[in-house]
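Engineer: Let me give you the structure first, and then I'll get to my questions.
The values are calculated or read from the model by the stated rules, or taken from the named source; none is laboratory data. A quick note: this is a predicted structure, and the numbers were derived from the prediction, not measured. Cβ: placed from backbone, ideal geometry, glycine included. Neighbour counts: every protein chain shown. We work out accessible area using only protein heavy atoms, side chains counted, and drop any ligands, DNA or RNA first. Shrake-Rupley method; radii C 1.70, N 1.55, O 1.52, S 1.80 Å.
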Amino acid sequence: MLARARSGDEAAFLGLWRNLQPRLLRYLHVLGCDDPDDVASETWLQVVRDLHRFTGDDEDFRRWLFAVGRHRAIDAARARIRRRVSPVADGLDAFADGQTVEDQVLDGMSVRKAVAMLAGLSPDQAEAVALRVIAGLDTPAVASILGKSPGAVRVALHRGLRALAADPRVQALAAEAGGTGPTRLLALGEVD
């Protein structure tokens, strides 16, 4: 799909967007973006603009996408500090897509729950866990995006996932899902 998108196939690019956009939005929520949709749009604009220069496989593309998203989020935070802006029509974007209101509410609740759970972690741990679990990147890719060594990322992942596994909210979700949640979370930190 990536090769077809690079050659200008709009359907292939749409497939990439559909696959990666939800993960990108969750990651931007974890970073604390005021407007994750706007930052994601800026990310995809840069990806479209620079796609012809990109070289690599699917994993490299995902790593590149999340690195671009992180940089756009940093830029947005800097711009927000320089000039305070308040959204005028917050929530009107719900009318623009085909998702039902029920789906939007459930998606919003799950994103809010995930962000609330990650908010209890240090910023380094939260970002490492978000890139590893939400974005699905491997430890070397996370290290590359964060500008840290793979060992430092593994430590942050281990500590963050251990803290999440001990969180009563995660334990309650695991009990609802059949009891494998915290153990599976910890296993994610040991992969790679």
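Engineer: Subtracting the Cα-Cα distance from 0.36 nm times the residue separation, let me have the gained length for Asp38 to Asp60 in nm, one decimal. Before the final figure, lay out the partial values.
Structural biologist: Details: separation 22, 0.36 × 22 = 7.92 nm, distance 2.35 nm.
Working it through step by step, the gained length comes to 5.6 nm.
Engineer: Any idea of the accessible area per residue across region 110-174, 1.4 Å probe, to the nearest Å²? List each step's numbers first, then the result.
Structural biologist: Numbers: 2850 Å² over 65 residues.
Value returned for region 110-174: 44 Å² of accessible area per residue.
Engineer: Roughly how many Å² is the accessible area per residue of region 33-78, as a whole number, for a 1.4 Å probe? Mind dumping the intermediate values first?
Structural biologist: On the way: 2430 Å² over 46 residues.
Per-residue value: 53 Å².
Engineer: Further question: Rg/Rh for region 1-40 to two decimals, with Rh computed the Kirkwood way over all alpha-carbon pairs.
Structural biologist: Working: Rg = 12.2 Å, Rh = 10.9 Å.
Rounded to two decimals, Rg over Rh is 1.12.
Engineer: Carbon-plus-sulfur fraction of the accessible area of region 1-84, 1.4 Å probe, in percent?
Structural biologist: Details: 2430 of 5010 Å².
Carbon and sulfur together cover 48 percent of it.
Engineer: Within 12 Å, Cβ to Cβ, of Gly160, how many net charges do the neighbouring residues add up to if Lys/Arg are +1 and Asp/Glu are -1?
Structural biologist: Values: positive: Arg132, Arg154, Arg159, Arg162; negative: Asp124, Glu127, Asp167.
Value of the local net charge: +1.
Engineer: Explain nothing, just compute: Karplus ³J(HN,Hα) = 6.51 cos²θ - 1.76 cosθ + 1.60, θ = phi - 60°, for every residue of region 57-66 in order, whole Hz, x for Gly and Pro.
Structural biologist: Values, residue by residue: 9, 4, 5, 4, 5, 4, 4, 5, 4, 6 Hz.
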